[in-house]
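Reading through the structure tokens given below for one structure.
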Amino acid sequence: MPGLSRRWRSGRRPQPADPGLVLLRSVCHELRPPVSTLTSLVRALETQPSESARGELARLAGEHVAHAEAVLRQAAAAAYGMTGPADPPVPLHRILPVVSAAVPAGRLVVRLGRATAERLVHPRHAGQILINLLTNADRHGPAGGSIELTARAHRRGLRLTVTDGGALTPDLTRSLHRRTPPAGEKGLGLWVVRHLVAVHGGTIRARSLTPHGLAVEVTLARPRH
């Protein structure tokens with residue numbers, strides 16, 4: 001029976017993702033980098049003899065605690081259908097120490113001029129974007145290779161580029177164009193980044209480098225005061 005055959009092939013329509021489950025998975029994913037970095041910082045505090053270095057490590061640990069708290073506040077606001085209070089914009093250089101700590105020491109090179117360092121960003125969302133991109137590069141790029149974060153200011157906003165020795169894969173391309181969250185952990189970080197970039201009127205793209213390498217580029221509009 002042709003009609004029956006067609007109906008059988010069509011099957012059931014896929015069910016939409018449960019919003020509560022997506023929120024929970026996103027929170028767990030976003031908390032992983034600050035908690036992991038915080039663990040490393042606490043271990044370093046235990047073995048660091050220099051008082052000045054201990055003070056800097058303690059400051060970074062405090063910033064990662066604050067970042068984790070912000071992720072939880074954002075999730076709580078989303079769960080109750082609220083937007084939550086907006087953090088005031090801060091200069092880009094203010095968030096760089098906390099996002100740089102998400103990558104093992106010695107792997108990250110940061111390039112930005114003085115004028116770019118003073119460009120204002122939304123600290124919570126810009127921090128989430130960069131932490132996700134940097135941890136992705138650390139996790140999926142060649143082991144031990146360098147990771148570079150470049151920031152350039154332009155008339156309408158800011159361009160942030162993370163480069164590593166990896167390659168532009170079909171999975172990465174699909175993740176950057178996905179409109180719904182993935183079923184598992186794979187690609188969830190990029191889905192979060194894509195959502196945050198859209199919130200701030202920006203764009204995200206990935207491109208191959210010559211002769212090898214990968215660049216993921218995010219543009220963010222100037223924050224509204």
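The values are calculated or read from the model by the stated rules, or taken from the named source; none is laboratory data. Keep in mind that what you see is a predicted model, and the values were worked out from it rather than measured. Backbone-built Cβ (ideal geometry, glycine too); neighbour counts: all protein chains shown. In case anyone asks, the SASA skips ligands and DNA or RNA and just uses the protein heavy atoms, side chains included. Shrake-Rupley method; radii C 1.70, N 1.55, O 1.52, S 1.80 Å.
Brief remarks follow.
- Conditions (1) open to solvent by 70 Å² or more (accessible area, probe 1.4 Å); (2) farther than 24 Å from Arg32 by Cα; number of the one not met by Arg178: (2)
- Condition met for Ala143 (open to solvent by 40 Å² or more (accessible area, probe 1.4 Å), within 25 Å of Ala105 (Cβ to Cβ) and either part of a helix (DSSP H, G or I) or out of contact with any His (no Cβ under 9 Å at 6 or more places or on another chain) (or both)): yes
- When Ser175 is tested against (1) under 18 Å from Val98 (Cα atoms); (2) assigned to a helix (DSSP H, G or I), only condition (1) is not met.
- Just one of the numbered conditions (1) out of contact with any strand residue (DSSP E or B) (no Cβ under 7 Å at 6 or more places or on another chain); (2) open to solvent by 70 Å² or more (accessible area, probe 1.4 Å); (3) farther than 15 Å from Glu217 by Cα is not true of His195: (3).
- Leading residue by the ranking (modelled with the highest pLDDT) among those in the stretch 37-95 that are over 14 Å from His125 (Cα atoms) and of a type in the set (Val, Ile, Thr): Thr47
- Among the candidates Arg107, Arg155, Arg119, residue that is surrounded by fewer than 20 Cβ atoms within 10 Å (Cβ to Cβ) and either within 27 Å of Ser175 (Cβ to Cβ) or at pLDDT 90 or above (or both): Arg107
- Subset of the stretch 169-198 (residues that are β-branched (Val, Ile, Thr) and in contact (Cβ under 8 Å) with a residue 12 or more places away in the chain): Thr173, Thr180, Val192, Val193, Val197
- Residue match in the stretch 200-223 (condition: of a type in the set (Ser, Thr, Tyr), over 17 Å from Leu168 (Cβ atoms) and either open to solvent by 80 Å² or more (accessible area, probe 1.4 Å) or not in a loop (DSSP other than H, G, I, E, B) (or both)): yes
- Flag for Thr135 being in a helix (DSSP H, G or I), hydroxyl-bearing (Ser, Thr, Tyr) and touching a residue at least 40 places away in the same chain (Cβ under 8 Å): yes
- Any hit, the stretch 97-114, residues being out of contact with any Pro (no Cβ under 8 Å at 6 or more places or on another chain), under 24 Å from Leu176 (Cα atoms), part of a helix (DSSP H, G or I) and in contact (Cβ under 8 Å) with a residue 60 or more places away in the chain: no
- Failed item, numbered, when Pro170 is tested on (1) open to solvent by less than 20 Å² (accessible area, probe 1.4 Å); (2) on the phi < 0 side of the Ramachandran plot: (1)
- Residue ID - least open to solvent (accessible area, probe 1.4 Å), chosen from residues in the stretch 181-192 that are of a type outside the set (Lys, Arg) and over 20 Å from Val99 (Cα atoms): Pro182
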